[in-house]
Amino acid sequence: QVQLVESGGGLAQAGGSLRLSCAASGLTFINYRMGWFRQAPGKEREFVAAITLNTITNYADSVKGRFTISRDNAKNAVYLQMNSLKPEDTAIYYCKADYRFGTLQYWGQGTQVTVSS
């Protein structure tokens, strides 16, 4: 059974930092492109960042220069370092795994990030 478990969310002040983690199990991690999405209250879920097996990264314009995605294939984990946080970063953050060779995709349960001004 595939599981993606996020952790590291919480409350931060504007300008502060948080580091999210996503632990994957039940899948061959290197076969998946990993990503982070977020959903703010009353808004649709949106893309934040993604990373391929070869560590090619992609970011939403709203987080470029502030957030950094990374992965540790030995630990089956993906991370999101979030710096210079803004109140508009407040959302539930979800980890996603996309199979490189097909259409399979998995989501984590999400972790809440709240940034106060």
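Values computed for the structure shown
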{"quantity": "Subset of the range 20-30 (residues that are touching a residue at least 60 places away in the same chain (Cβ under 8 Å) and either surrounded by fewer than 18 Cβ atoms within 10 Å (Cβ to Cβ) or touching a Cys at 6+ places or on another chain (Cβ under 7 Å) (or both))", "calculated": "Cys22, Leu27"}
{"quantity": "Count - residues of the range 7-17 that are part of a strand (DSSP E or B) and open to solvent by less than 30 Å² (accessible area, probe 1.4 Å)", "calculated": "2"}
{"quantity": "Residue within the range 54-69 that is under 28 Å from Gln1 (Cβ atoms), at pLDDT 95 or above and touching a strand residue (DSSP E or B) at 6+ places or on another chain (Cβ under 9 Å) present", "calculated": "yes"}
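The values are calculated or read from the model by the stated rules, or taken from the named source; none is laboratory data. This is a predicted model, so every value here is computed, not measured. Neighbour counts run over all protein chains shown; Cβ positions are idealised from the backbone, glycine included. Heads up: the accessible areas ignore ligands, DNA and RNA and are worked out on the full protein's heavy atoms, side chains in. Shrake-Rupley method; radii C 1.70, N 1.55, O 1.52, S 1.80 Å.
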